[in-house]
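Working notes for the structure below.
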């Protein structure tokens with residue numbers, strides 16, 4: 001099973017999100033601050049800065065249940 005965050009980061013990169021956001025997420029992942037990562041991702045989604053497809057939605061939910069919850 002792959003880490004859902006890898007797929008979510010790929011989605012962010014495809015949508016040309018600021019590298020600093022991606023770096024911040026990677027840094028927080030190394031620190032095991034999973035809930036903070038989820039909040040960043042959820043904020044990007046809710047603000048419309050990140051358009052999720054069906055697969056991204058599944059991966060975000062999987063990340064929530066397996067890491068951030």
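Please go through the stretch 41-51 and give me each residue that is surrounded by fewer than 17 Cβ atoms within 10 Å (Cβ to Cβ) and touching a helix residue (DSSP H, G or I) at 6+ places or on another chain (Cβ under 9 Å), ordered by number. Within the stretch 41-51, 42, 45, 49, 51 qualify. So which residues in the stretch 52-69 are under 15 Å from residue 6 (Cβ atoms) and surrounded by fewer than 16 Cβ atoms within 10 Å (Cβ to Cβ), if there are any at all? Result: 55, 58, 66. The conditions of being in a helix (DSSP H, G or I) and either surrounded by 12 or more Cβ atoms within 10 Å (Cβ to Cβ) or at positive phi (or both) are not met by residue 32. For the criterion of being under 12 Å from residue 7 (Cα atoms) and over 10 Å from the mean Cα position of the chain (by Cα), residue 46 fails. Among the residues of the stretch 11-25, those that are surrounded by 13 or more Cβ atoms within 10 Å (Cβ to Cβ) and not in a loop (DSSP other than H, G, I, E, B) comprise 11, 12, 21, 22, 24, 25.
No lab work stands behind these numbers, since they all come straight from the coordinates. Small disclaimer: the values here were computed from a predicted structure and weren't measured. In this analysis, Cβ positions are derived from the backbone assuming ideal geometry, glycine residues included, and neighbour counts consider all displayed protein chains.
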